[in-house]
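Working notes, beginning with the structure itself.
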């Protein structure tokens, strides 16, 4: 039987880094709901960090920051994709309304099938 793992001074920073990696993964998949849930966890992880960072924490914090920035870029890409799709839907609706208005008649459903 092995002894339970003793948390190291870097454990909170390692958790922060792992969290940033998970955020990046969810952003890449476009899982906005998952990201919203993780946002609340991020705030708790930040609040739990000690006032004075131990040696080695700076490297972990920098990596977490860079990964979060990549996640932000993924979200911007997702936003652009969604805005593009929304514009396509709006153009299609406008075109459909134009065709319906040009004929002067209401669309009818054929019920004899």
Handout entry: Label zone at residue 42, where the point sits 7 Å out along the Cα-to-Cβ direction: region 57-86 residues whose backbone N lies under 16 Å
Key = 61-79
Handout entry: Order of 51, 72 - criterion: other Cβ atoms within 10 Å of each residue's Cβ, fewest first
Key = 51, 72
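State the extension gain, in nm to one decimal, for the chain segment bounded by residue 25 and residue 8, taking 0.36 nm per residue of separation less the distance between their alpha-carbons. Present the calculation step by step, with values, prior to reporting the outcome.
Details: separation 17, 0.36 × 17 = 6.12 nm, distance 2.59 nm.
Full-extension gain reported as 3.5 nm.
Values quoted throughout were computed directly from the atomic coordinates according to the rules given, and no laboratory measurement underlies them. Since the model is a prediction, treat every value here as computed from it, not as a measurement. Neighbour counts run over all protein chains shown; Cβ positions are idealised from the backbone, glycine included.
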